[in-house]
Amino acid sequence: MKDEKTGTVTLERELPAPPERVFRALTNPEDLAAWWKGMHGISRAMMDLRPGGKYRFEYAMPNGQIAVVHGVVREVEPPRRLVMTWYSPDHPSLETVVSFHLEPRGRGTLLKLRHIGLTDPKALEGHLQGWLEALGLLITWFAAAGPMFTAGAQGSKDR
């Protein structure tokens, strides 16, 4: 969902893996490169996972060029929360912020993504489409791995 008035993308997805494993998939460079494939897949990821730490994702574009998204980690609460600034190559002067909130849901995780500061309409739509694609890839990656990601998952903790 996008809110044009506030420049915000908000998405929720249920994933078939415990929060610890989802958090790792969002923060571990090897895991990021493994699941974030496709047309704008990550070819290289670097992340200093601490408040103030920098990260950099390199995406292989269809034309053979490399696009870079980078920013600074603002908040880290493994395995529940990650907040970071997000600078994209299409809008390099637009500082936006992405937050991931992970909640146990049965044997899996409810992932809540919020991307704020997308004040340019093209940036808002582009990031909405990008996040829809990325979260679809993450769901597919976990589903393909099957029980290896759900092993050790805790029971339901509905709040």
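Going through region 119-128 one residue at a time, which ones are surrounded by 15 or more Cβ atoms within 10 Å (Cβ to Cβ) and either among the acidic types (Asp, Glu) or in contact with a Lys or Arg (Cβ under 8 Å, 6 or more places away or on another chain) (or both)?
Asp120, Leu124, Leu128
Is it true that some residue in region 109-118 is out of contact with any helix residue (DSSP H, G or I) (no Cβ under 8 Å at 6 or more places or on another chain) and within 23 Å of Arg44 (Cβ to Cβ)?
Looking through region 109-118, none of the residues is out of contact with any helix residue (DSSP H, G or I) (no Cβ under 8 Å at 6 or more places or on another chain) and within 23 Å of Arg44 (Cβ to Cβ).
Quick check: anything in region 110-128 over 14 Å from the mean Cα position of the chain (by Cα), free of Cβ contacts under 8 Å to residues at least 12 places away in the same chain and either outside any helix (DSSP H, G or I) or within 14 Å of Thr27 (Cα to Cα) (or both)?
Checking region 110-128: not a single residue is over 14 Å from the mean Cα position of the chain (by Cα), free of Cβ contacts under 8 Å to residues at least 12 places away in the same chain and either outside any helix (DSSP H, G or I) or within 14 Å of Thr27 (Cα to Cα) (or both).
Between a first residue in region 54-82 that is charged (D, E, K, R) and a second residue that is loosely packed, with under 15 Cβ neighbours inside 10 Å and not in a strand (DSSP E or B), which pairs have beta carbons less than 8 Å apart while being 6 or more apart in sequence or on different chains?
Lys54/Asp48; Arg74/Pro51; Glu75/Pro51
Could you list, in sequence order, the residues of region 1-40 that are more than 21 Å from Ile116 (Cβ to Cβ) and either free of Cβ contacts under 8 Å to residues at least 24 places away in the same chain or in contact with a Cys (Cβ under 6 Å, 6 or more places away or on another chain) (or both)?
Of everything in region 1-40, those that are more than 21 Å from Ile116 (Cβ to Cβ) and either free of Cβ contacts under 8 Å to residues at least 24 places away in the same chain or in contact with a Cys (Cβ under 6 Å, 6 or more places away or on another chain) (or both) turn out to be Asn28, Pro29, Glu30, Asp31, Ala33.
Go through the residues of region 101-118 one by one and say whether even a single one is closer than 15 Å to Gly7 by Cα, crowded, with 17+ Cβ neighbours inside 10 Å and touching a Leu at 6+ places or on another chain (Cβ under 6 Å).
Yes; the residues of region 101-118 include at least one that is closer than 15 Å to Gly7 by Cα, crowded, with 17+ Cβ neighbours inside 10 Å and touching a Leu at 6+ places or on another chain (Cβ under 6 Å).
Values quoted throughout were computed directly from the atomic coordinates according to the rules given, and no laboratory measurement underlies them. The structure presented is a predicted model; accordingly, all values stated were derived computationally and were not measured. Note that we place each Cβ from the backbone using ideal geometry, even for glycine, and neighbour counts take in every protein chain shown.
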